[in-house]
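*Asks:* The structure follows.
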């Protein structure tokens, strides 16, 4: 009997070991997270500007996945023990033998569990370094991109020149498994009690902490951008093996069909032959790759713009809805945006401009890349390793001083990684998150530093105060903060509008301002119950997509343009204003291109309306504006499809059923364009 009891106690020993192994690896993961979040990247800049906003989530996320793995291995181990022990054993010797087999099986489970965690730990270190170096997570796509042997040399050079602590990665690589073993031994000594009371208390504490972690991460202090940045390796592998594979790629036959359809449509909307699509080796097989014709390169108009060397100020206003912008929606009184309205009266404005992606990462990246946001992936994080040129990278290469200034932390949603690829410098200060202090500093920097560098410049400003839940504006009263969201947004938009006015007035009398194009737009709108939608992932309706867009500057007359347009048009428009025509993969069109002039029956000159196209992807939905209609659809699905007339900016009259043939045709076109854009974003140049 004593032997039987001894064997039984040994049988449960591996379960305790699995728990202690889990805790030991968790402690090591915490140390790795600290070394990632509180260190700079290899280039000397903070990996995240607010590590305190990340570290507790990281600890909770790692605890949850480790506990999930523990439960899975315990279940698998239990099944293995059950299989190893035959049924029907009755005498004591047979029972002891069965228990011995169970112990052996449990030990094997423990070994496999330890190996599993050791491998995950090694890949976690590699993932951390990939994030610090490239800005994105480790993935099969990234490994395919950097699979050649030269990457090993590059990695060594990067470690040697790391501006944080050179060679620290190798020290951590050598020490982290022995450290984990040491932690395990300390825990094992602490829990070496005959009654197992300490272990019982710890397991109860683990269950409580698991529940608290889940509530904290998913309900109390959420954040999709933070979650994307902190995804553990096990989640990345699962996503690559199962979720990403569900989205079928384009085979050569489909790609050829889609290429032809897209290029024909682009040329029809563009309305001229000044650009040619190319299949040479530089294009990497991308259907979007186009090159300027000799006629365009030699045009006097481009030469004159290059001679001007104009400056650019691009202001991205956080969450500014067309529905709450005075000049776009005169029904709203008093107007929340009096300064923007006055500027619009003296500028070229587009009354039917749409964002090409949500949330902020979608709008900002679409604006720079000239391609809609990816329809499935968290583009800023998942595709950070892909080489994608922007209009800013072209300006930087052409000698412009380019600066990205943000009131919101660009590292929060990984935008800082992208901006660092394209801009000469990226500016963010935690003390200047309010639009008042931010705009004051931006005006001073542009006026006293940027404009005096002896070369043209681009200053991009990203505001923050008009952000959900619309209570960030400095000086808001308790009464204002207690108003419904639909009213509160008017308060914060008005506040941001006043700070924009301060910025413009601080620089408008400078001599260089006469040679500057000021471009003002929103990153996206925000759904506040219109169309039955009140969340950012609830559709691509105009409440989230319809945004203000103004260009003010030399040679531009006051115009209210009703051409359908989108953020993908901004990149080609800015480059032609700068006088540059370069090979590119923009899906958008130059919004200021000349239109065809014809003669009517009375020999009167008639200017043809400029054709337009708007395209965007919005958290599971996508939308296309073409030929005076706009279709909104659940991406890659026929479940939800809406059709609206282009002038129905509130989208109150769905025409999908009455215009079924048009709906089907536009839906097919939308599907083609989204697949082409996703393919391009995934492959890059």
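The values are calculated or read from the model by the stated rules, or taken from the named source; none is laboratory data. If you're wondering where the values come from, they're calculated on a predicted model, not measured in any experiment. Quick reminder, even Gly has a Cβ in these numbers, built from the backbone with ideal geometry, and neighbours come from all protein chains shown.
*Asks:* Test each condition in (1) under 39 Å from the mean Cα position of the chain (by Cα); (2) surrounded by 12 or more Cβ atoms within 10 Å (Cβ to Cβ); (3) at pLDDT below 90 for residue 160 and report the one that comes out false.
*Replies:* Exception for residue 160: condition (2).
*Asks:* Could you check how many residues of region 298-307 are surrounded by fewer than 16 Cβ atoms within 10 Å (Cβ to Cβ) and assigned to a helix (DSSP H, G or I)?
*Replies:* So the count comes out to 6.
*Asks:* Then there is this: Can you give me the number of residues within region 34-54 that are surrounded by 20 or more Cβ atoms within 10 Å (Cβ to Cβ) and free of Cβ contacts under 8 Å to residues at least 60 places away in the same chain?
*Replies:* Final tally of qualifying residues: 1.
*Asks:* Quick one: in region 275-288, of everything that is surrounded by fewer than 18 Cβ atoms within 10 Å (Cβ to Cβ) and in contact with a strand residue (DSSP E or B) (Cβ under 9 Å, 6 or more places away or on another chain), which residue is modelled with the highest pLDDT?
*Replies:* Ranking the qualifying residues of region 275-288, first place goes to 276.
*Asks:* Can you pull out every residue in region 427-449 that is surrounded by 18 or more Cβ atoms within 10 Å (Cβ to Cβ), more than 12 Å from residue 405 (Cα to Cα) and free of Cβ contacts under 8 Å to residues at least 60 places away in the same chain?
*Replies:* Matches in region 427-449: 434 only.
*Asks:* Restricting to region 565-575, and then to whatever is farther than 19 Å from residue 321 by Cβ and in contact with a helix residue (DSSP H, G or I) (Cβ under 7 Å, 6 or more places away or on another chain), can you tell me which residue is surrounded by the fewest Cβ atoms within 10 Å (Cβ to Cβ)?
*Replies:* Here the residue is 575.
*Asks:* Further question: With the requirement that a residue be in contact (Cβ under 8 Å) with a residue 24 or more places away in the chain and either surrounded by fewer than 16 Cβ atoms within 10 Å (Cβ to Cβ) or closer than 30 Å to residue 306 by Cβ (or both), what does region 465-484 give you?
*Replies:* Result: 474, single match.
*Asks:* Only one of (1) part of a helix (DSSP H, G or I); (2) farther than 14 Å from residue 311 by Cβ is not met by residue 512, so which one is it?
*Replies:* (2)
*Asks:* Considering only residues that are touching a strand residue (DSSP E or B) at 6+ places or on another chain (Cβ under 6 Å) and more than 22 Å from residue 624 (Cα to Cα), look in region 529-564 and name the one that is surrounded by the fewest Cβ atoms within 10 Å (Cβ to Cβ).
*Replies:* Across region 529-564, the extreme among qualifying residues is 559.
*Asks:* I'd like the full set of residues that are part of a strand (DSSP E or B) and buried (at least 22 other Cβ atoms within 10 Å of the Cβ), limited to region 331-355.
*Replies:* Scanning region 331-355 gives 349, 350, 353, 354.
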